[in-house]
Amino acid sequence: MPLEINDDITFQKKFWHIERVFWGILLLFTLAALFGVFGKGPVSETSHRQENLNITFNRFLRYGNNSKIEIILPPGSRPVIGIAKEFIDKIDSVSFTPAPERIYYANNQIRYIFMVDERQPSEIVVSFKPTARGLLKGTIEHNGIYINFSQFVYP
Amino acid sequence: MESVIRAVSVYIFLLILIRFSGRRTMGQMTSFDFILLLIISEAASTGLTGEDNSITNSIIVISTLILIDIIFSIFKSKWSVFDKAIDGVPTVLIYDGKIQKENIARSRTDLEDILDTARADKGLEKLEQIKYAILEKNGHISIIPYEQNVSA
């Protein structure tokens, strides 16, 4: 009596082939994640420089997850930075290290004044959590120098 | 990057932990084993996600775990040493009717476990009816009874 089984080896072989392709995609996806395509990592981290102003940030962020922008101010300049309001509106839990001495609003920017030793380069770290998904564009200004940057926030 | 590293670390840690805790504990679960498993899974989930509750993180963690599992299954099918190290080997508990005391003790089973499975799976009544009892890789005990001469 033949085996009563509803098999289909042709279909199965095709499926095995698709399965191998899927494994390849999964491997590429995980490697991309490892290198920071979906968050922090070497691919994500980047620096922008405009004259003496330097900022370091991650291109790829995750929704509601901590991120930071490091701003290096050149020596001999007034330690004031302006961050575009449209950027501030799309982030939450913003904190600065060192903490700003004064904060005010001017020219569609939130401006922060810091008490730092102006004879040396100062590092200002802005920590925040993005509260909007998708493209996040921002501008940082210092002494009339503007740096535009964009980040992508994954859901 | 962090999500992948976290997933790989937790996977390897759990693999080592479960492997060395002995297959009996996970293979045939008692109600306490079940509770233990729930607590472990709860603790592991914290380690896997950290403070990152984004959908992206969940997708990466799940994908990484599945990928390691696939890679390990390929390694297991290629190298028997790897297969033995990860999944273990079957252990004979009763061989041709003879009780293998050392194997039973070392694998933390007892005759009651063997009889339990013999009753449940084969409807056997006595130990003498069992020809072979094998503790399988998955923790299940297989029972092979002596052939019975059924006279009409």
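The values are calculated or read from the model by the stated rules, or taken from the named source; none is laboratory data. All figures in this text were calculated on a predicted structure; none of them were measured in a lab. Reconstructed Cβ throughout: ideal geometry from the backbone, glycine too, with neighbour counts over all protein chains shown. Accessible surface is based on the protein model in full, side chains and every heavy atom, while ligands, DNA and RNA are left aside. Shrake-Rupley method; radii C 1.70, N 1.55, O 1.52, S 1.80 Å.
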* Would you mind checking A:K13/B:K76; A:K13/B:K131; A:K40/B:K84 for any pair whose Cα atoms are more than 28 angstrom apart? => A:K13/B:K131; A:K40/B:K84
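With only Lys, Arg, Asp and Glu charged, each at its Cβ (+1 for the first two, -1 for the last two), find how big the charge dipole of the protein assembly as shown is about the Cα centre; round to the nearest 20 debye. Provide the component values of the computation, followed by the final result.
Values: 33 positive and 34 negative charges, 138 e Å.
Roughly 660 debye for the protein assembly as shown.
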* **Most positive-pole-ward Cα, A:F114, A:L27, B:S107, against dipole of the protein assembly as shown from beta carbon charges** => A:F114
* Structure fact -> Expressed as a percent, the accessible surface of the protein assembly as shown that is carbon or sulfur, using a 1.4 Å probe and the full set of protein chains, is 58
* Asked: With axes computed from alpha carbons, what is the tilt in degrees of helix A:9-34 against the longest principal axis of chain A, rounded to the nearest 10 within 0 to 90?
  -> 20
* Quick one: what are the phi-derived ³J(HN,Hα) couplings along the stretch B:124-137, Karplus 6.51/-1.76/1.60 with θ = phi - 60°, whole Hz, x for glycine and proline? => 7, 10, 10, 4, 5, 7, 8, 8, 10, 10, 10, 7, 7, 4
* To the nearest 10 degrees, how steeply does helix B:55-78 sit against the main Cα axis of chain B, on a 0 to 90 scale? -> 40
* Structure fact -> Here the relative contact order (percent) of chain B, from C-alpha pairs under 8 Å and at least 6 apart, is 23
* Please list the non-local residues whose amide H lies under 5 Å from the amide H of A:S122, H modeled 1.01 Å from N, same-chain partners needing a gap of 5 or more. => A:L73
* **Values of log10 I(q)/I(0), in the order q = 0.13 Å⁻¹, for the protein assembly as shown under a Debye, Cα-only, solvent-free model** => -1.03
* Along the positive direction of the dipole of the stretch A:11-123 (beta-carbon charges: Lys, Arg +1; Asp, Glu -1; about the Cα centre), which of A:Q12, A:P75, A:S47 reaches farthest? -> A:Q12
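Report the accessible surface area buried between chains A and B, summing both sides, using a 1.4 Å probe on protein heavy atoms only, in Å² rounded to the nearest 100. All intermediate terms of the calculation are to be shown ahead of the outcome.
Working: alone 10140 and 10440 Å², together 19100 Å².
Between A and B, the summed buried area is about 1500 Å².
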* Where labels lie 7 Å past Cα in the beta-carbon direction, separation of A:E70 and A:Y146 in nm -> 2.7
* Round to a whole angstrom and tell me the spacing of the C-alpha centers of the stretch B:103-152 and the stretch A:125-155. => 67
* To do: Mind checking the per residue accessible area of the protein assembly as shown for me, 1.4 Å probe, whole number of Å²?
  => 62
* To do: With 5 Å bins from zero, work out the P(r) of the stretch B:2-87 over every alpha carbon pair and list the percent per bin.
  => 3, 13, 19, 21, 19, 15, 8, 1
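Highest first, please rank the peptides A:19-31, A:3-15, B:53-65 by the mean number of other Cβ atoms sitting within 10 Å of their residues.
Packing proxy ranking, top to bottom: B:53-65, A:19-31, A:3-15.
For chain B, which longest stretch is free of loop sites, where a loop site is one of the GluC sites (Glu not before Pro) that DSSP puts outside H, G, I, E and B and that has at most 10 other Cβ atoms within 10 Å?
Details: sites that count: B:E51, B:E125, B:E147.
Longest stretch, sites excluded: B:52-124.
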* To do: Binning at 10 Å from 0, report for chain B what percent of all alpha-carbon pair distances ends up in each bin.
  => 10, 29, 27, 19, 10, 4, 1, 0
* Any idea how far apart A:H48 and B:L127 come out in nm if each label point goes 7 Å out from Cα toward Cβ? -> 7.9
* Asked: Between A:R133 and residues 5 or more places away or on another chain, which pairs have amide H atoms under 5 Å apart, with H built 1.01 Å from N, and which residues are they?
  -> none
* Asked: Once both axes come from the Cα atoms, what is the angle between helix B:2-20 and the longest principal axis of chain B, in degrees from 0 to 90, rounded to 10?
  -> 20
